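Taking it in order: structure first as structure tokens, then the write-up.
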Amino acid sequence: MRQSHLFTKTRKEAPTDEVAKNAQLLIRGGFIHKEMAGVYSYLPLGLRTLNKIETIIREEMDAIGGQEIKMATLHPSEKWKQTGGWDNVDVLFKLKSRTEKEYALGQSEEEIVTPIAQEYATSYKDLPVSVYQIGQKYRDELRAKSGIMRGREFGMKDMYSFHESQEDFDRFFSITKEAYLRIFRRAGLDAKVTEASGGSFSEKLSYEFMVITDAGEDDIVYCPSCIHCANTEVAKAEAGGECPKCKKGTLAKARAAEVGNVFDLGVKYPKAFSFTYKDKDGKEQTPIVGCYGIGTTRLMGTIVEVFADEKGIVWPESVAPFNIHLILISSVEGTAKAAADALYEKFRMAGVEVLYDERDLRAGEKFADADLIGIPLRVIVSEKTLKEGKLEVKNRKTGEVQMLTETELLKTVSATLSV
């Protein structure tokens, strides 16, 4: 895409009412637009990044047998009253129609997915089964002050699995836990796994996936040598002690953000809907249910918080809106512009996602915008470098600068994209 055609423009200043770094940088970079506290629209750059995050999630959920569906977000109140959630979930948005009928905006999908599964999973032969969706959620947060990391409207991947036995649930629970760790690694994050109570969802044990960042809302002790961590409120071990998992690392204390969780819901929701299936002997049994969530927009905000520097956003290659930021340092017709135009077309023909800054602006303005937007690789075309038959290539994360020929650059980009 030519940057002169891009719908959005960068801003030098963030809104004065934003305190979260992720929201400040994403608004300044033209990734999101704030509608009100806790509610944001996703603009072209932001949507490209969010779509890449969702693609990673879809690939990993499909790989473990998840089937994608799309559930309603406007829920009849009867289903929430049936489970007790109508009166007990304090963040639930409640609506009333012109006919005085009551509805809820979905903050989770147990009340919707359980009756759906009940209709199709009637025999042990239909189990296990797992379905997931990626969509919008709504929560009546009292304080939405963490940018896209805690909103009143936000993106979420939630998966539900239904099983014959606790043993089969435990098997799938472990598989999903590993899939989650792959998702976070592919998104560039080092996630730790902590055990926690299920809260309002379940009385059983759950796992939370934490990423160390000062923007987080949890205090944890973690092991630098493995994935173990524990919330300080329930931790048996303290900072400075030996890791109880690997027995090698020394526990440290840090602030962390929760980016995902997995719950053992047991039989709570099937019992609420009288959901049973026939076992091998023809007897009615209640399925065991698991719930697995990842906040997609929260994950995007966490990535910004973890990797941003004093100049702007630094996207990991896997979720960056574009692979290459091609910058022309010359607005007049000449060798540099012809070379940049030709290189832009070569990138496009090779399937490389490239943002081409051919705008009539000073070099300093273009570089500042590039730093703010945070695309991993910057390629600068100027009359000066072309005299030497070279292109200036800068790594946004490391700051490393290389002078490469066009052939060397194309090989480097090709190798990077094939990894």
Pairs only if they're at least six apart or on different chains, beta carbon under 9 angstrom, first in segment 107-123 and part of a helix (DSSP H, G or I) and at pLDDT 95 or above, second of a type in the set (G, A, S) and surrounded by 15 or more Cβ atoms within 10 Å (Cβ to Cβ); list them, first residue then second.
E110/G85; E110/A272; E111/G85; E111/A104; E111/A272; I112/G106; T114/A272
Which listed residue, of G266, G240, G282, is out of contact with any strand residue (DSSP E or B) (no Cβ under 8 Å at 6 or more places or on another chain), at positive phi and surrounded by fewer than 21 Cβ atoms within 10 Å (Cβ to Cβ)
G282
Residue that is over 24 Å from W315 (Cβ atoms), surrounded by 20 or more Cβ atoms within 10 Å (Cβ to Cβ) and either of a type in the set (S, T, N, Q) or not assigned by TED's automatic domain parsing to the domain that holds Y292 (or both), where the choices are T99, T114, T122:
T114
Got a sec? Which of K9, K70, K79 is touching a Gly at 6+ places or on another chain (Cβ under 9 Å), over 29 Å from F367 (Cβ atoms), not in a helix (DSSP H, G or I) and not β-branched (V, I, T)?
K70
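Residues are listed down the side, and each one gets a yes or a no for (1) surrounded by fewer than 17 Cβ atoms within 10 Å (Cβ to Cβ); (2) over 24 Å from G106 (Cβ atoms); (3) among the aromatic types (F, W, Y):
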| site | (1), (2), (3) |
| --- | --- |
| F31 | no, yes, yes |
| K34 | no, no, no |
| T55 | yes, no, no |
| D62 | yes, no, no |
| T73 | no, no, no |
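Here's the yes/no breakdown for (1) of a type outside the set (D, E, K, R); (2) part of a loop (DSSP other than H, G, I, E, B):
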site	(1), (2)
A257	yes, no
K271	no, no
C291	yes, no
R298	no, no
T302	yes, no
W315	yes, yes
L326	yes, no
A336	yes, no
A340	yes, no
From the list E217, E233, which residue is in contact (Cβ under 8 Å) with a residue 40 or more places away in the chain, closer than 27 Å to T296 by Cβ and assigned by TED's automatic domain parsing to the domain that holds A23?
E217
Cβ pairs under 9 Å, 6+ apart or interchain, first in segment 358-373 and within 13 Å of S330 (Cα to Cα) and in contact (Cβ under 8 Å) with a residue 24 or more places away in the chain, second of a type in the set (G, A, S) and buried (at least 20 other Cβ atoms within 10 Å of the Cβ), ordered by first then second residue, are E358/A340
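The values are calculated or read from the model by the stated rules, or taken from the named source; none is laboratory data. No experiment lies behind these values; they were computed from the predicted model shown. Every residue, glycine among them, receives a Cβ derived from its backbone with ideal geometry; neighbour counts consider all protein chains shown.
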